[in-house]
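Asks: Quick one: structure below, then a few questions.
Nothing in this text is a laboratory measurement; each read-out follows from the coordinates by a stated rule. These numbers come from a predicted model, not from an experiment. Neighbour counts run over all protein chains shown; Cβ positions are idealised from the backbone, glycine included.
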Amino acid sequence: MDQTILSYLWFRGDDGPYRVAFRGNRQGVIAERESDGAILGGINSDGAVELTGYPLRDFEARALIESLHWHIKDEKRQGHAVYKSA
């Protein structure tokens with residue numbers, strides 16, 4: 001399934017700054033480090049966040065989680081995310 005780039009966020013890593021791309025599809029949003037393609041985390045349409053264990057500073061992890069939540073809410077508002085029926 002195609003994933004649309006929703007936004008970018010810059011982090012300052014130990015080896016210099018790097019850009020994280022937030023990509024979304026109908027099932028959720030992932031955060032991917034562009035330089036090496038490492039998946040940093042993701043969120044599904046139910047709002048469950050999972051970080052992959054990629055080394056992040058506390059404030060970077062918080063920014064990543066906040067961004068994932070914002071993007072999935074935006075995808076639901078636009079009608080792109082899948083909703084589970086009860």
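Asks: Taking amide H positions as placed in the peptide plane 1.01 Å from N, state which residues far from Gly13 in sequence (5 or more) or on other chains have amide H under 5 Å from it.
Replies: Residues meeting the amide H criterion: Tyr18.
Asks: In nm, give the distance between the simple-model label positions of Asn25 and Phe59, each being 7 Å from the Cα along the Cα-to-Cβ direction.
Replies: 3.4 nm
Asks: Step through the residues of region 22-37 one at a time and calculate ³J(HN,Hα) from phi using the Karplus curve (6.51 cos²θ - 1.76 cosθ + 1.60, θ = phi - 60°), rounding each to whole Hz and writing x for Gly and Pro.
Replies: After applying 6.51 cos²θ - 1.76 cosθ + 1.60, I find 9, 10, x, 9, 5, 9, x, 9, 10, 10, 10, 6, 5, 5, 10, x Hz.
Asks: Provide the gained length on full extension for the span Glu50 to Glu34, in nm with one decimal, where the gain is 0.36 nm per separating residue minus the Cα-Cα distance.
Replies: Taking Glu50 through Glu34 to full extension adds about 3.9 nm, to one decimal.
Asks: Report, by chain and number, residues whose modeled amide H sits under 5 Å from the one on Leu6, excluding near sequence neighbours (fewer than 5 apart, same chain).
Replies: Phe22, Arg23, Gly24
Asks: Quick one: Karplus J couplings for region 66-72, per residue in order, coefficients 6.51, -1.76, 1.60, θ = phi - 60°, nearest Hz, x for Gly and Pro?
Replies: Values per residue, Gly and Pro as x: 4, 5, 4, 4, 4, 5, 5 Hz.
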